[in-house]
Structure formats: C-alpha cells, structure tokens
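Structure provided below as structure tokens; questions to follow.
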C-alpha cells in the first residue's frame, strides 16, 4: 500500500496566536490533513521542514518560508495593515483552497485581514458602549490558552485542537460562500418575478440576505425550516447592521397570537418579535397579509 509522505510544517512553540493557528489550518486544508506539525525554535529542525510558518525571519514563498517578524515585515495591505503569516499564506494559497478568487477575496476581508490586524497590533473596533467589546474569532482562539494554573496541560495538543477548530471555520466559510453565490441567480429570478417587489416570497430555503442587492425589497416571506409556520422578516439596510429598511409597526412588538390577531385582523398570526424585525403566521396566506399590512403601515 502506498503511503504519501506527510508535509512537515514547522511553527514556533510556546504560546500560540490566531495568526499561526489559522496559517497551519490553511496548510492542513491545502494538503487534505496530510501534514505533521512541529512546534519548535530549533533552527536545524526548521530548516528541514517543508514549510516554516510564523518563524524563521524569512518570507520566501518559493522556498515555503512564511514569516513576517523579519526587518521590514512581509509587506502591507492597501488598508495600511501589515501582513501576518496567515495573510501572506492566504495570498499564495487562498484562491486554490477556495476554488474561486471571488470567495478568496471575500474571506480575505472578512477573516484573514482581521487576524492580520490582531497579530500586528491594530485595533479594528471602537466600542460604542463603555466596557462592552465584541467577542471576536481572535478572542475564541485566545480563550483556548492555558491559564497559569494549567502547567500540566500539553500546550502542543491544545494548539492542534485550535488548528482543528480554525480548519472548520475556514472550511465552513468557504462552503457558505460557495452556496450563497450559487443562490444568487435563483434569488434574482424570484425577485424579478415578484408582483410587489417590496415583498419577496420564497417557496424554498435561500439566503434572504441576497435581497440587499436590490433596492425595493422591505420584507421576505418564507416557510420556517421545521415546516410548521411561515415567517416574515425585515430586510436590513446593510449586511452587518441590525437596522431594517422598514420595521413592523411598534404596536405589534412583543405581541403573541391573541393580541396580534386583534391588532391586525389576521386570524393565524402567531407573534411579532420585540424590535419589529420579524413576525410569524401559521399559513403562507397569513404571512403575506402580514407583510402587506406592514408595508402600508
């Protein structure tokens, strides 16, 4: 039986960071898991490795050396954020792993540059509430660090667990984007065939966020995945915003079936969430009536 030689990936030992975790995860995906990770600072071992990432003070992709700690670093993005090891690896292999330059570019902005910024000491967020900060993907990786009381835990084993987690994140993000892009033409067809383009009705599960590509939609109507009820959801102004183009009337917010029936006159409405971002009905007909009322409110 033929056994393919494992690709040896050397990275630094000691405390790990999102940068080296995601860099190794990317190589694991690239080589379908057929890698052996060596965490060391021994230059002789590093020199013999197939890849050296986040260690070695050298950025030379032709020799599979990917570090950014050397004098002058490994370059900067147009945003001014310096590349970390994950970023320079992504430049080299992102498109190949994603199977698409478009997806690679989207993930570079959504995930890779965020990790580069963290590793290079750039703060991307200014909190709007004192003492309240977002818990980001970098925080998740840092939460895996051992505490001062856990010296007995094998840090190399924890590192590999973090790599496995990062592998899943990258793979799921790629899959999600592949499926979302595939849905674009289907959503466009449904949108174009909608009689009232302020209300787009879905008879199959498709990404509602794609309606942000069009100016008219205010609400989407669709059947919940459990198949038991229908839902009406507002369309957001921006993908990463909770602000809707049009909310449900405030008098509906937080109302359950009995009260909402009295307010709307629709017999099978079930609820309206606080904040007015979505509501439900037992039937498709009831959901459409609910959406029409909300549009005209």
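Going residue by residue through the range 75-89, is there one that turns out to be under 26 Å from residue 12 (Cα atoms), within 20 Å of the chain's Cα centre (by Cα) and exposed (fewer than 15 other Cβ atoms within 10 Å of the Cβ)?
no
Right, here's the next one. Can you report the number of residues in the range 254-272 which are buried (at least 17 other Cβ atoms within 10 Å of the Cβ) and in a loop (DSSP other than H, G, I, E, B)?
3
Does residue 223 meet the test of being closer than 29 Å to residue 192 by Cβ, surrounded by fewer than 17 Cβ atoms within 10 Å (Cβ to Cβ) and in contact (Cβ under 8 Å) with a residue 40 or more places away in the chain?
no
Okay, next question. Suppose we filter the range 1-36 for residues that are under 26 Å from the mean Cα position of the chain (by Cα) and over 19 Å from residue 94 (Cα atoms); how many remain?
Final tally of qualifying residues: 4.
Next question, about the same structure. Tally time: how many residues in the range 225-259 are within 14 Å of residue 277 (Cα to Cα) and touching a strand residue (DSSP E or B) at 6+ places or on another chain (Cβ under 8 Å)?
Qualifying residue count, the range 225-259: 18.
Say whether the condition of being outside any strand (DSSP E or B), touching a helix residue (DSSP H, G or I) at 6+ places or on another chain (Cβ under 7 Å) and surrounded by 15 or more Cβ atoms within 10 Å (Cβ to Cβ) is met by at least one residue in the range 232-242.
Scanning the range 232-242 turns up at least one residue that is outside any strand (DSSP E or B), touching a helix residue (DSSP H, G or I) at 6+ places or on another chain (Cβ under 7 Å) and surrounded by 15 or more Cβ atoms within 10 Å (Cβ to Cβ).
Suppose the filter is assigned to a strand (DSSP E or B), over 21 Å from the mean Cα position of the chain (by Cα), over 19 Å from residue 167 (Cβ atoms) and touching a residue at least 12 places away in the same chain (Cβ under 8 Å); does residue 52 pass it?
Answer is yes for this residue.
Now, a different point. Take residue 290 and tell me if it is outside any loop (DSSP other than H, G, I, E, B) and more than 27 Å from residue 215 (Cα to Cα).
Details: outside any loop (DSSP other than H, G, I, E, B): yes; more than 27 Å from residue 215 (Cα to Cα): no.
It is false that residue 290 is outside any loop (DSSP other than H, G, I, E, B) and more than 27 Å from residue 215 (Cα to Cα).
Can you work out which of the residues in the range 130-144 that are in contact (Cβ under 8 Å) with a residue 60 or more places away in the chain and within 14 Å of the chain's Cα centre (by Cα) is farthest from residue 18 (Cα to Cα)?
Here the residue is 137.
Taken together, the values in this text are just the output of simple stated rules run on the coordinates, not laboratory data. Values in this document were obtained by computation on a predicted structure and should not be read as measured data. So basically every Cβ, Gly included, is an ideal-geometry build from the backbone, and we count neighbours across all protein chains shown.
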